[in-house]
1. Each label point is 7 Å from the Cα along the Cα-to-Cβ direction; what then is the distance between the points at K118 and V152, in nm?
2. Using a 1.4 Å probe on the protein heavy atoms, what percent of the accessible area of the chain belongs to carbon and sulfur?
3. Please give the Cα centre distance for segment 152-216 versus segment 97-123, rounded to the nearest Å.
4. If ligands, DNA and RNA are left out, what is the accessible area of C99 with a 1.4 Å probe, given in Å² to the nearest 10?
5. Along the Cα→Cβ direction, 7 angstrom out, place labels at Q90 and D53. What is the inter-label distance in nm?
6. Hey, can you grab everything whose amide H is under 5 Å from the amide H of E198? Only 5+ residues off in sequence or another chain; H modelled, so Pro and N-termini drop out.
7. Ordering K60, K68, K138 by how much accessible area each has at a 1.4 Å probe, largest first, what is the list?
8. I'd like the FRET efficiency for E38 and E75, computed as 1/(1 + (r/R0)^6) with the beta carbon distance as r and R0 of 25 Å, rounded to 0.05.
Amino acid sequence: MHRFFMEISPETVSGDLIEIDGEDHQHISKSLRMKPGEGLVLCSGDETEYVCDIYEISKKHTVARVEKIQKNQSEMQIKTILYQGVPKGQKMETVIQKCVELGVDQIVPVITRRTVVKPADLDKKTARWNKISQEAAKQSGRGKIPLITEPVELKGIEELLKKNALNIVAYENETIGIKEIFSRFSHPERIGIVIGPEGGFDNCEIKMLESLGVIAVSLGKRILRTETAGMALLSMIVYQYEL
């Protein structure tokens, strides 16, 4: 069934009926051309889902009747936060889309020494990045929309890293494999993943991250592109802690 994220409050609910307006109503009535009786899922963003049938469609709004309320089952128990060195072009959009599909909880765009994109240009992109996150969350059956934060400088992520039980940085010159790290941490509640931009991190940045307790790890014998590394590491985390 089609999935929509919306704020569900007493103003939008009347008994077992929920009123949908704005962009979602337009999408239901104009783009999808849905009809009364068809099913959809409304997500409140806190992992609560309202399984509904369309009761009525008018010019201004769609009314859905709630058939069942349930907790979303697709969210990972372990929260993963991706600190992604911002790549050039549309690579960041690919990173966001695929990592949201894989279950990332939040993405923090990071400015590093080798970041090519100018920070001023990134201010215009955050809204678009969050829209991509929303669409990927719908497609993959997520119970929430992962937040894409405003870009931050690498040196400014120290306080953010402190919230995580484990922080790892993918580094091509490291020999310690991810399996060894998994063996040390049986079930961390929050994992921070730090990925460099094109060209990776320089040695000074790696030393700075390690001084903050971030563990450098190898992802294998091959060097991965920046848009591949985060996805690969997330996939390993899903395999280790979820499957």
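1. About 2.5 nm, to one decimal.
2. After summing per-atom areas, the C and S share lands at 49 percent.
3. Going from one Cα centre to the other spans 15 Å.
4. Surface accessible to solvent at C99 totals approximately 0 Å².
5. With each label point 7 Å from Cα toward Cβ, the separation is 4.1 nm.
6. Those lying under 5 Å, H to H, from E198 are K88.
7. Accessible-area ranking of K60, K68, K138, largest first: K60, K68, K138.
8. Computed FRET efficiency for E38 and E75: 0.45.
The values are calculated or read from the model by the stated rules, or taken from the named source; none is laboratory data. Only a predicted model underlies this, so the values are computations on that prediction, with no experimental measurement involved. Note that each Cβ is placed from the backbone with ideal geometry, even for glycine, and that neighbours are counted across all protein chains shown. What goes into the accessible areas is simple: the full protein's heavy atoms, side chains included, and nothing from ligands, DNA or RNA. Shrake-Rupley method; radii C 1.70, N 1.55, O 1.52, S 1.80 Å.
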